[in-house]
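Just below is one structure, and these are the notes that go with it.
The values are calculated or read from the model by the stated rules, or taken from the named source; none is laboratory data. The structure presented is a predicted model; accordingly, all values stated were derived computationally and were not measured. When we count neighbours, we look across all protein chains shown, and the Cβ atoms used for this are built from the backbone with ideal geometry, even at glycine.
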Amino acid sequence: MYLYKKELIRTTKELLKNIQVLKEDPALDIEKKFGLKHLSAALKKLPVADKQLIGYRYFENKTYPEIAKLLFMDITTVRRKLDNITLEVGRKVYGMEKEFWDAIHGESHYKHLEEMFYNRIVREVKRNVSQKFPYLELKL
């Protein structure tokens, strides 16, 4: 799953906001359990200052102005730092954002992959059809 940077930050923030509810949900599907496991591991590896920011925002539900006051920071700095931390955590949970892959491979890389997979599927279907119906003349 490739997400754009803003989507990655937003998705990770939602996961952080709902972590307690998700942990307590007995009907949690395996994909979300996997995400929670990666989230937990990513949070444990954060520096103490980053953990403190995440803790204030998502576990103590403090507002940006409250956090800024507690840490003697500007509100904009708190927002920026939280977005950067959230992006870092999101990359560990969901992978790198789509812009990153586009910068490395370019858009043509995805089109090439799609075309390659499409051609492979068409060849396989034609081969299966020609085996089941040998009287049909199909170009492979």
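Below, the figures for the structure above:
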read-out	value
Check on residue 126, farther than 30 Å from residue 37 by Cα and either at pLDDT below 60 or in contact with a Leu (Cβ under 6 Å, 6 or more places away or on another chain) (or both)	yes
Pairs with Cβ under 6 Å, 6+ apart, first in the range 27-53 and closer than 11 Å to residue 89 by Cβ, second modelled with pLDDT under 65 and of a type in the set (Ser, Thr, Tyr)	none
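A quick yes/no check of all residues on (1) of a type outside the set (Phe, Trp, Tyr); (2) outside the structural domain of residue 90 (by TED's automatic domain parsing); (3) modelled with pLDDT of 85 or more; (4) touching a Leu at 6+ places or on another chain (Cβ under 7 Å):
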residue	(1), (2), (3), (4)
15	yes, no, no, yes
20	yes, no, no, no
26	yes, no, no, no
30	yes, no, no, no
48	yes, no, yes, no
53	yes, no, yes, yes
64	no, no, yes, no
70	yes, no, yes, no
